[in-house]
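Engineer: Sharing a structure below in structure tokens format, with a few things to ask.
The values are calculated or read from the model by the stated rules, or taken from the named source; none is laboratory data. Please read these numbers as outputs of a predicted model, since none were measured by experiment. Cβ placement follows ideal geometry from the backbone for every residue including glycine, while neighbour counts extend to all protein chains displayed.
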Amino acid sequence: MAGSILGNNVRRIEDPRLITGHGRYIDDLDADNVLHLRAVRSQIPHGVLNSVDTDDASQVPGVVAVLTADDFELPPNNPTRPAPRETARPLVASGRVRFVGEVVAVIVAEDPVAAADAADLVWADIDPLEASPTIERALEATELLFPEIGTNIVHEEGDEPDPEFFADADVVVEAKFYNQRLAAVPLETSNALIFPESDGSVTAWVSSQNVFGQRNAIARALGMERDEVRGRVTDMGGGFGAKFYSYPEQILAAELARRFNRPVRWSESRTENLVGMTHGRAQHQHVTIGAKSDGSITGLRVHVDQEVGAYPTFGVFIPVWTRLMTSGVYKIPKIEFYYRDVVTNTTQVHAYRGAARPEATALVERILDMLAMEMEIEPAEIRRHNFIQPEDFPYKTPVGANYDSGDYEKALDMALAMADYEALRAEQAQRRSAGDSKLLGIGLASYVEITAPEANPGEWAAAEVHDDGTITVRVGTSSHGQGHETAFAQVAAAEFKVPYTDVKVVFGDTRVIERGGGTGGSRSLQLGGSAIKVASDKVVTRAKQIAATHLEASANDIEVFDNGTVGVRGVPDTGLTWPQLVELSHDEVHMSDDDDGPGLSEEAFFEQDDATYPFGTHVSVVEVDTETGSVELLRHIAVDDAGEILNRYLLDGQVHGGIAQGAGQALLEEVKYDEWANPLTGNLVSYLIPSSVNLPAFELAHTVTPTPHNEMGVKGIGEAATIGSTPAIQNAVIDALSHLGVRHIDMPLTAAKVWEAMNGAG
């Protein structure tokens, strides 16, 4: 069969370009007569900004301008609702600074060296104020971040506690967890290259997961019509949710490109990235669970305090999705959930891979393990006992999630079999009885997550056949490592029955793409891919009509043959090639009032009637050295179910990356501030991320439970492994020490924290 069909494990189209150094990232793009923007950032976490002295900086050779808030009349970045409008972030600080890294001035220079030299000479006169680096301090603070709203709590919402909530429980377990603050650390930091055009418009190259959102943010700030801003994205080195945000420097670059009528380039350093790019997680959880004597869960109560950083953005919404997923994969009859969003003198909190689903899964899987310990029930069995069953789907949880499909026990059983679970438990017992200094821990996590949520429900695409028979599809999502060029080419190739290498995928250009929701929430294949499928189907339908007229047959008798020609069913010799069909489409006899004109080109907008819910079980095996507290990840088994599988290579690639990031959170990563709210993790020496040295070869498998919400039956996979792996690894470390009396350790499970927990329990 020519080309590719869904389910074939074909190689990624984009890889030869990327791995041979021929990728084109924004910093690789050429620009004549370009100016360089550099941000001058506050070194004070909280204070009154009296003035900014720019005189010395302005004298540096090559400096074109040094600008402060007084030099701009631009609206602030609005907060994510329901946070008060008073908490909007100014593009350049004015009157007050609220975190280390906030922009207080910008340098515009002929070269980056001059810009850096000038930045060192800017003096911001700031009277320090009491700073709140933590939620605890923010809730007690007398010096508020936004005095005009009278509190550091920018939003709170939830259920009133019922004093009889656990009256039917035989056992109640309560704990407090901290899902620590993380940095996204994409390979490519944030940047922009803005070109002013002769007609007054701008072309904005941005490293963004949502080019339409970037276009809209620039247009709104600059008072331009949206079609006066052309947003563009090229190859991109990761995003992980943090590049869904429009950064002040990107908007300022657009303003300055228009002001000086020259291209403006901005690219942040790694240190700037670690203090300026939005962070993730940072959620404090107070969790209580009740159960009957047989282990049946009776209820779950959760109180969340969410750090949102100095200015509320998507972080205020994270507890909403955390609440939505607090039932996990279990039949929980009732759930109480209450949350508060709290501003602190720290970097803003935004989406980070999984965004709320890792937080929800962690709290559920952690408290369930603690319940199992308390009741002396095997961790796998307490999960199995409480699973939602296949016949229960579609299933609506007490907090309103509409689960589409699932077979949670099947994934658990497969993961346990792959791990040889009983043998691991036997080895664990043997090591303990022998007094081995290196203890074995086995951790489980069964998860379900939401993908393509209703907040961003649809996607646009177009498909076109060219004179030479090649095909171009355009789509509103964009790729930053996922393999969209391959996946979307496969979707189209399956409809046209041509080699997938004959399909070109175009994304990240608001001039040639009508609209788009961007890449996030694991939405791309099920929405963007489905839109491509619908658009391709429409082209194929028109081609069949043309072939039917030309061959004097009924359109119902026309099919696309496996060799990529279109003809009468059962008579392959009648097949017309795609170039022939394009040529015929220009003949008036083949046009109808419904056609947009000659050629084979169609558009589509695809909307799902609901979100999809991937699921799975992860098993992690660790070794804990009781003499040092160090943890070694020995094995990690992942069984994930994202519905039908388009391409196993692409799916496994997403799972590999997700497990690595999950291991990073569980064992290594944490953004830290000192007691005065100064960042302590401003480089990759102090902020540790995993490498191949820290990770074993992952053992992967998949079950397939299609969703009914799209024709392909696919769900999202981009974030699933991060959601499942993190609590599995955390549970494994605590499991290794459970016989010593250790019940919980907050992440990251560093050697120092593990050693302290062991000795404290002892």
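Engineer: Check whether at least one residue in region 159-167 is over 18 Å from PHE314 (Cβ atoms), assigned to a strand (DSSP E or B) and modelled with pLDDT of 95 or more, and report yes or no.
Structural biologist: Scanning region 159-167 turns up no residue that is over 18 Å from PHE314 (Cβ atoms), assigned to a strand (DSSP E or B) and modelled with pLDDT of 95 or more.
Engineer: From MET418, MET373, which residue is touching a residue at least 60 places away in the same chain (Cβ under 8 Å) and farther than 23 Å from ASN179 by Cβ?
Structural biologist: MET418
Engineer: Which of the residues spanning region 542-570 are within 17 Å of ALA493 (Cβ to Cβ) and part of a helix (DSSP H, G or I)? Let's see the steps before the verdict.
Structural biologist: Residues of region 542-570 that are within 17 Å of ALA493 (Cβ to Cβ), as a first pass: 543, 559-566.
Residue satisfying the conditions is ALA543 alone.
Engineer: Any idea which residue in region 453-471 is nearest to VAL733 (Cα to Cα), counting only those that are of a type in the set (Gly, Ala, Ser) and in contact with a strand residue (DSSP E or B) (Cβ under 6 Å, 6 or more places away or on another chain)?
Structural biologist: To start, the set of residues in region 453-471 that are of a type in the set (Gly, Ala, Ser) comprises 455, 458, 461-463, 469.
When the remaining residues are screened for being in contact with a strand residue (DSSP E or B) (Cβ under 6 Å, 6 or more places away or on another chain), the result is 458, 461-463.
Numbers: GLY458: 41, ALA461: 46, ALA462: 49, ALA463: 50 Å.
That would be GLY458.
Engineer: Considering each of VAL48, VAL60, VAL40 in turn, give the residue that is in a strand (DSSP E or B) and touching a helix residue (DSSP H, G or I) at 6+ places or on another chain (Cβ under 9 Å).
Structural biologist: It is VAL40.
Engineer: Further question: Report whether or not GLY567 is over 30 Å from TYR330 (Cα atoms), crowded, with 19+ Cβ neighbours inside 10 Å and either touching a residue at least 24 places away in the same chain (Cβ under 8 Å) or assigned by TED's automatic domain parsing to the domain that holds GLU644 (or both). Explain how you work it out, then say what you get.
Structural biologist: On the way: over 30 Å from TYR330 (Cα atoms): yes; crowded, with 19+ Cβ neighbours inside 10 Å: yes; either touching a residue at least 24 places away in the same chain (Cβ under 8 Å) or assigned by TED's automatic domain parsing to the domain that holds GLU644 (or both): no.
No.
Engineer: What residue, of ARG220, ARG226, is closer than 30 Å to THR54 by Cβ, at pLDDT 95 or above and either charged (D, E, K, R) or in contact with a helix residue (DSSP H, G or I) (Cβ under 9 Å, 6 or more places away or on another chain) (or both)?
Structural biologist: Working: ARG226 fails: closer than 30 Å to THR54 by Cβ.
Criteria check complete, one pass: ARG220.
Engineer: Could you check region 237-337 for helices (runs of 4 or more DSSP H) lying wholly inside it with 1 or more residues that are under 30 Å from VAL63 (Cα atoms)?
Structural biologist: Hits in region 237-337: 248-260, 270-276.
Engineer: From the list ASP610, ASP587, ASP557, exactly one residue is touching a Pro at 6+ places or on another chain (Cβ under 9 Å) and touching a residue at least 12 places away in the same chain (Cβ under 8 Å). Which is it? Before you say what the answer is, go through the steps one by one.
Structural biologist: Working: ASP587 fails: touching a residue at least 12 places away in the same chain (Cβ under 8 Å); ASP557 fails: touching a Pro at 6+ places or on another chain (Cβ under 9 Å).
Being touching a Pro at 6+ places or on another chain (Cβ under 9 Å) and touching a residue at least 12 places away in the same chain (Cβ under 8 Å) holds for just one of ASP610, ASP587, ASP557, which is ASP610.
Engineer: State the number of residues belonging to region 254-290 that are more than 30 Å from ILE332 (Cα to Cα) and either within 21 Å of the chain's Cα centre (by Cα) or assigned by TED's automatic domain parsing to the domain that holds GLN661 (or both).
Structural biologist: 10
Engineer: Which of the residues belonging to region 540-565 are over 30 Å from PRO614 (Cβ atoms) and under 41 Å from the mean Cα position of the chain (by Cα)?
Structural biologist: THR541, ARG542, ALA543, LYS544, GLU559, VAL560, PHE561, ASP562, ASN563, GLY564, THR565
Engineer: Find the residue count for region 215-236, including only residues that are part of a helix (DSSP H, G or I) and basic (Lys, Arg). Break it down into steps so the answer makes sense when it comes.
Structural biologist: Quick first cut of region 215-236, residues part of a helix (DSSP H, G or I) only: 215-222, 226-228.
Those still in the list that are basic (Lys, Arg) too: 215, 220, 226.
Matching residues across region 215-236 total 3.
Engineer: Answer with yes or no whether ARG89 is surrounded by fewer than 14 Cβ atoms within 10 Å (Cβ to Cβ) and within 29 Å of the chain's Cα centre (by Cα).
Structural biologist: no
Engineer: Now for a separate question. Please report, ordered by residue number, the strands (runs of 3 or more DSSP E) entirely within region 574-690 with at least 1 residues that are buried (at least 22 other Cβ atoms within 10 Å of the Cβ) and among the acidic types (Asp, Glu).
Structural biologist: 631-641
Engineer: Considering only residues that are assigned to a loop (DSSP other than H, G, I, E, B) and either modelled with pLDDT under 95 or surrounded by 21 or more Cβ atoms within 10 Å (Cβ to Cβ) (or both), which ones fall in region 406-427?
Structural biologist: GLY406
Engineer: So in region 704-762, with the set limited to residues that are without any contact (Cβ under 8 Å) to a residue 60 or more places away in the chain and not aliphatic (A, V, I, L, M), which one is nearest to ALA282 (Cα to Cα)?
Structural biologist: The residue in question is GLY760.
Engineer: Which of the following residues is in contact with a strand residue (DSSP E or B) (Cβ under 9 Å, 6 or more places away or on another chain), crowded, with 19+ Cβ neighbours inside 10 Å and modelled with pLDDT of 95 or more: ALA183, ALA116, ALA175?
Structural biologist: Details: ALA116 fails: crowded, with 19+ Cβ neighbours inside 10 Å; ALA175 fails: crowded, with 19+ Cβ neighbours inside 10 Å.
The match here is ALA183.
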